[in-house]
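Reviewing the structure listed below.
The values are calculated or read from the model by the stated rules, or taken from the named source; none is laboratory data. Since this is a predicted model, take the numbers as computed values, not measurements. Using ideal geometry, Cβ is built from the backbone for each residue, glycine included, and neighbour counts are taken over all protein chains shown.
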Amino acid sequence: MDSLKKNFSLTLRFVSRIEESLLCFLLSAMILLACVQIFLRFFFSTGFAWAEPLLRYMVLWAGLFGAAVATKKGKHISIDIISHLLPDRFNPWLQVLLNLFSTVVGSGLTYAAIKFVRDEAYYGGRGLLDIPSWGLNLVFPLAFGIITLRFFILACKYLGLAFSQPRTSSNG
Amino acid sequence: MGLGKVFIFLLAILGTPLFIVIAALALLSFYAIEIDLSVVIIEMSRLADTPLLLTLPLFIFAGTLLAESGTPRRLLRLSQVLLGWMPGGLAVVSLMVCAVFTAFTGASGVTIFALGGLLYPALIKDGYGERFSLGLITSSGSLGLLFPPSLPLILYGVIAETRVDQLFLAGIIPGILMVILLTAYSMVKGPVRSPEASPKATFKDMLSALREAAWELPLPVIVLGGIYGGFFVAGEAAAVTALYVLIVEVLIYRDISITRLPKIMVQSMVLFGGILVVLAASMATTNYLIDQQVPMRLFEIIQEYISSKYTFLLLLNIFLLIVGSMLDIFSALVLVVPIIIPIAEAYGINLTHLGIIFLTNLQIGYCTPPVGLNLFLASYRFDKSVVTLYRATLPFLALLMITLIIITYFPIVSLVLVNLRG
């Protein structure tokens, strides 16, 4: 059991590493590619025809993987008007509820994304640079899958917290 | 179905990530009308057809770099040396610096955190009242949203499919108007100082401050000159800005070491990701709402009671102020703009003008009680109760409301520069 847990957390750390490297790479590549395009146009009145569509997909990849990391860091935009009115000891339970709900919705999105990519693989053609269009859209199931997994892990974490906190009242 | 939506709404105000809330509504709605759920992702994938989207991550990165570097300090010193001699000088300096800084970083609270910490003690030391200083910083925290290359302006352009170069132009005069009004108020409220309290900056000081900030001063020129000189489109201007800021802050000023760079890159992509998923999720719900003709039905209901465009704008202002005090600016734009646009078009309102109205409202909403975000940020940053901040911000709020009325009812203020360029 312990080694399973260790392997699991190692895998998670590995995923984080890859994500963060991917984000740095995508951002640098977007800046460079866009600047090279300007340079080519200015001095040689030319440019790569594939650069602009590729840039737009890179934006999508960077954004969705950014969102995956945001899930880990709890940095998603939320409204949160009334949760601070609740007493502190309810907070872990509230977090369990919210993260479980997010897990369910995330699963729905992942399911829809897998279906979408499968349809693209059957019927979609080849996109830019001869990359099949399902490959360009692979980011949706990947990112939503990671996001869902992270919400689930958060839910479990808060569940553990909720049970381990000292009880102040007996009506549970 | 109805019950499910109530449940989702409840979870939303308890703090569920907004994109999950919107996605849940989209999935539920399409499921109810028996349309294959992959349509949600098909709608999201349409974001890859939006060239303007590239500007968001690049400007966010440039803004984060600027916020993490010594730019706030240099900018502050320069404006203090140049403007500090005026009556209410430091207050005017604060306004200008906050406006410029917010334009480049977006109103993500960075201004209050990065600049507020420098400005507040300086204001108090200079003899400004505590309440005045708090109000000034809180309301300046979102000042500058109307100036290019402000991210919310770009996001409005993405959602409304409006030309972003025109939006940039349209924001300039309304933004200046706000700064002027607040400046005048600060001059009146500024402390009467004895001349020796702060020595007048010498010519030498000015020169050294100018030289210190020499690399940062060309930034607005690169953005504006690049776009309006016809050299780049918005996305390219963002790339050039990002590259320029990267070189200046990392290689020339060396404020940021190369080893810190990956962290800052990830941080800015996390910020961008948070905005992108909300935008993506809302692509699907918007499609559903338009498909069900919700905006048109809303318009018919509204038109039964309101025939005048001006009454509609008044109601819109009230509505947006409430929205702005509850939601942060990015989610407010993503959620509200797609529904309002068809209605506003039916009333014959210019979409560029509408964008400026939106942003002005949302900017004011940031400092509007009870839940304006800036109030909480400032309360946290300066360790004051939120009620203190409510009171401190009130006079500034009143002034901003005046500009809001002018901006709303005199479209020419927003559109004159756009029309001039043809």
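Quick look at the numbers
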| item | result |
| --- | --- |
| Check on B:Phe59, closer than 30 Å to B:Val188 by Cα, touching a residue at least 60 places away in the same chain (Cβ under 8 Å), assigned to a helix (DSSP H, G or I) and more than 10 Å from chain A (Cβ to nearest Cβ) | no |
| Residue that is nearest to A:Met58 (Cα to Cα), among those in the range B:17-60 that are of a type in the set (Phe, Trp, Tyr) and surrounded by fewer than 23 Cβ atoms within 10 Å (Cβ to Cβ) | B:Phe30 |
| Search result, residues across the range A:1-39 that are farther than 20 Å from B:Leu58 by Cα and among the hydrophobic types (A, V, I, L, M, F, W, C) | A:Met1, A:Leu4, A:Phe8, A:Leu10, A:Leu12, A:Phe14, A:Val15, A:Ile18 |
| The listed residue being closer than 13 Å to A:Val105 by Cβ, modelled with pLDDT under 90, within 9 Å of chain A (Cβ to nearest Cβ) and assigned to a helix (DSSP H, G or I), out of B:Leu11, B:Leu27 | B:Leu11 |
| From B:Leu415, B:Leu399, residue being surrounded by fewer than 19 Cβ atoms within 10 Å (Cβ to Cβ) and touching a Leu at 6+ places or on another chain (Cβ under 7 Å) | B:Leu399 |
| Residue that is exposed (fewer than 15 other Cβ atoms within 10 Å of the Cβ), within 10 Å of chain B (Cβ to nearest Cβ) and either touching a residue at least 24 places away in the same chain (Cβ under 8 Å) or over 24 Å from the mean Cα position of the chain (by Cα) (or both), where the choices are A:Leu86, A:Leu64 | A:Leu86 |
| Some residue of the range A:126-136 being modelled with pLDDT of 95 or more, within 18 Å of A:Leu54 (Cα to Cα) and crowded, with 16+ Cβ neighbours inside 10 Å | no |
| Total residues in the range B:281-303, condition within 14 Å of chain A (Cβ to nearest Cβ) and more than 16 Å from A:Ser78 (Cβ to Cβ) | 5 |
| Within the range A:43-61, tally of residues that are assigned to a helix (DSSP H, G or I) and of a type in the set (Ser, Thr, Tyr) | 1 |
| Enumeration of residues in the range B:248-268 that are within 10 Å of another protein chain (Cβ to nearest Cβ) and either among the hydrophobic types (A, V, I, L, M, F, W, C) or assigned to a loop (DSSP other than H, G, I, E, B) (or both) | B:Leu261, B:Ile264, B:Met265, B:Val266 |
| Any hit, the range A:34-49, residues being more than 7 Å from chain B (Cβ to nearest Cβ), out of contact with any strand residue (DSSP E or B) (no Cβ under 8 Å at 6 or more places or on another chain) and touching a residue at least 24 places away in the same chain (Cβ under 8 Å) | no |
| Failed condition for B:Leu66, given (1) assigned to a helix (DSSP H, G or I); (2) surrounded by fewer than 24 Cβ atoms within 10 Å (Cβ to Cβ); (3) more than 9 Å from every other protein chain (Cβ to nearest Cβ) | (2) |
| Residue list for the range B:363-383, restricted to those being within 15 Å of B:Leu321 (Cα to Cα) and not polar (S, T, N, Q) | B:Ile364, B:Gly365, B:Tyr366, B:Cys367, B:Pro369, B:Pro370, B:Val371, B:Gly372, B:Leu373, B:Leu375 |
| Subset tally (residues that are touching a helix residue (DSSP H, G or I) at 6+ places or on another chain (Cβ under 6 Å) and closer than 18 Å to B:Gly171 by Cβ) for the range B:360-373 | 6 |
| Residue list for the range A:29-48, filter: of a type in the set (Gly, Ala, Ser) and over 24 Å from B:Met44 (Cα atoms) | A:Ser45, A:Gly47 |
| Any hit, the range B:352-360, residues being outside any helix (DSSP H, G or I), buried (at least 19 other Cβ atoms within 10 Å of the Cβ) and of a type in the set (A, V, I, L, M, F, W, C) | no |
| Filtered residue count, the range B:137-147, keeping only those that are over 10 Å from the mean Cα position of the chain (by Cα) and touching a residue at least 60 places away in the same chain (Cβ under 8 Å) | 3 |
| Residue ID - nearest to B:Leu316 (Cα to Cα), chosen from residues in the range B:383-422 that are in contact (Cβ under 8 Å) with a residue 60 or more places away in the chain and of a type in the set (Phe, Trp, Tyr) | B:Tyr409 |
| Search result, residues across the range B:252-291 that are more than 18 Å from B:Ser29 (Cα to Cα) and under 20 Å from the mean Cα position of the chain (by Cα) | B:Gln267, B:Ser268, B:Met269, B:Val270, B:Leu271, B:Phe272, B:Gly273, B:Gly274, B:Ile275, B:Leu276, B:Val277 |
| Tally of residues being at pLDDT below 85 and either loosely packed, with under 15 Cβ neighbours inside 10 Å or more than 21 Å from the chain's Cα centre (by Cα) (or both) across the range B:307-337 | 1 |
| Candidate set: the range B:223-247, residues that are more than 9 Å from chain A (Cβ to nearest Cβ), surrounded by fewer than 22 Cβ atoms within 10 Å (Cβ to Cβ) and of a type in the set (A, V, I, L, M); chosen: the one nearest to A:Ser28 (Cα to Cα) | B:Ile247 |
